[in-house]
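Comments concern the structure below.
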Amino acid sequence: MNLEASSGAPRAAVPADAPRGPTRRGLLGALTAAGAAAAAAGLADAVLPARPASASPSAPDAAPGRTFHVHPSGSDDADGLSPTRPWRSLARLNLAFAEQQVRHGDTVLLARGRVHPGVLRPREPAQGDDRLLTIAAYGTGSAPRVSAFKTPTAAGWRETAPGSGRWQVDLAATGAGSDWLGDASSSTANVGFLKVNDEIRAYRRGSVADLRGQWEFASPVGSTVLTVCSDARPDTLGSVQAAVDDPLVVGVSQLVLRGLHLVGTGSHGYDDGPGVHDVLIEHCTVSHVGGSELPGAGRYGNGVQIWQAGQRVTVRRCVITDCWDTATTVQGWDGPWSAIVFEQNVVLRCTQAFELWTRGGPASPGVLDFRFVDNVCHDVGLGWGARPQQRGRGSHVVFYELETPVSLEVTGNVFGSSRDAVYYVGAGAGSTATLPSGLSSHDNVVVQPRGRPIVWDGPWTVQRSELFSTGPGREVDSTFVVGDPR
């Protein structure tokens, strides 16, 4: 596999004349001059060329790689092998993944300027096949949108009783095309939030009996029925989309995602399984993610989640916005994780920018060669997923239940406004009230209002940063600025 990077994590080779990602200085200037939301919108809709990943030698019996196309105006009866003969749906693409019609060594291109309802479900490579599977974009316009939103129709809404003000729709797959439009890839509901006229409504309640105000909703785990409290049939009040509990991408090994917009799910934007390795996610946008119920753990939903024992994963030059939980996370038991890099990304309005938790005890392999580098993080803990009861967790970098050894470098980042702090260290077996000893944090820019703590529940504030910048695990050669970057 030819995935090499100076930072120690995988990168596909980039031609010398390829467009470069934004620098930290350029991003900070954009945030200051034009506002964080405007800067993110510009990056999200940037038209980026579809560059083939740098592939390694094929497996001995592997056929030459092919390129498949998907366009909502295509036909699932086509062969998908030309822009003039594209497949229509992601469901057809996922069937091709399942039947090994599309496999590692191939490239899949989604049409730009279009919404692609559904999710991406590639499969692990065959044993001995070390080629890459690339999913990217073709055509002109904004990045192709992969969306798990379901949009109930006028025919789908039914009032539970005349004048009750409680409207129900069954989001089961059998209703696709009649009761609702959009992601027909699963029968799940467990809605994380409603998007009403482009505004997130996250008023999820435990039962139908608990519904009181406009746009409050109930969507029990295991049921496909969504109930919404509304003064009139919901679709008469505007565009209503329901974000169901379906990860937009389930990651596999040797995968490249480039130039996509993953939007609209009650689950994670990107999620992988144990031991996934050699993944590159670049020039993507992940937005409007989370809020569904995880039984026994409450509501959840992260932008990019690297699960147990991930190896050689890079997320770079992406925009991650409006996540219920954290924009980026590495979590699970034992490990080892190694060569994980988040670099040159923009994080906006997520509850945290980065989260790390590992369980398994001090004898576990832990997290090795892990870098959070040159990112711009803003309005952390101030988005739609903010929960007042989670005191301290509206912070840029969050550690908790950290039981295993850690080797983590945090450098070159701009940490803008956050609700609570720069760092949060949670309680849990094996954790302490101080930053982990394996943390090397240096050369960051921290911009926070006066009195805001650097470490939650610690004695150090931004205006007294000189007291903090000494000792192991502390900021070295970083710049602390008192003020609100907005």
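The values are calculated or read from the model by the stated rules, or taken from the named source; none is laboratory data. This one's a predicted model, so the numbers in the text were calculated from it and none came from an experiment. Every residue, glycine as well, gets a Cβ built from its backbone with ideal geometry; the counts of neighbours run over all protein chains shown. Heads up: the accessible areas ignore ligands, DNA and RNA and are worked out on the full protein's heavy atoms, side chains in. Shrake-Rupley method; radii C 1.70, N 1.55, O 1.52, S 1.80 Å.
Over segment 303-420, average the accessible area per residue using a 1.4 Å probe and give it in Å², no decimals.
Result: 24 Å² per residue.
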request  = Return the Rg/Rh value of segment 325-394, two decimal places, where both radii are evaluated on C-alpha atoms and Rh is the Kirkwood radius.
outcome  = 1.03
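Assuming R0 = 30 Å, what is the FRET efficiency of GLN100 and SER239, from their Cβ-Cβ distance, to the nearest 0.05?
0.20
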key: Reciprocal mean inverse distance between Cα atoms of segment 74-219 - Kirkwood radius, Å   = 17.7 Å
key: Label-point separation, VAL476 to SER142 (7 Å along Cα→Cβ), nm   = 4.4 nm
message = On a full-extension model of 0.36 nm per residue, what is the gain between GLN127 and ASP198, subtracting their alpha-carbon distance, rounded to one decimal in nm?
response = 21.1 nm
request  = Take the solvent-accessible surface of the protein heavy atoms, probe 1.4 Å, and return the percent of it on segment 233-382 that carbon and sulfur atoms account for.
outcome  = 53 percent
key: Potential extension, ASP231-SER164 segment - 0.36 nm per residue separation minus Cα distance   = 23.2 nm
note = For VAL115, placing the label point 7 angstrom along Cα-to-beta-carbon and taking segment 278-317, residues whose amide nitrogen sits under 20 Å are 285-292
message = Per residue of segment 256-272, what does 6.51 cos²θ - 1.76 cosθ + 1.60 with θ = phi - 60° give for ³J(HN,Hα)? Whole Hz please, x for Gly and Pro, Karplus curve as stated.
response = 10, 10, 9, x, 10, 10, 9, 9, x, 8, x, 10, 8, x, 10, 9, 10
key: Accessible area per residue, Å², segment 174-276 with all protein chains present, probe 1.4 Å   = 32 Å²
key: Directionally averaged projected area (convex hull, Cα atoms, segment 240-310), nm²   = 4.9 nm²
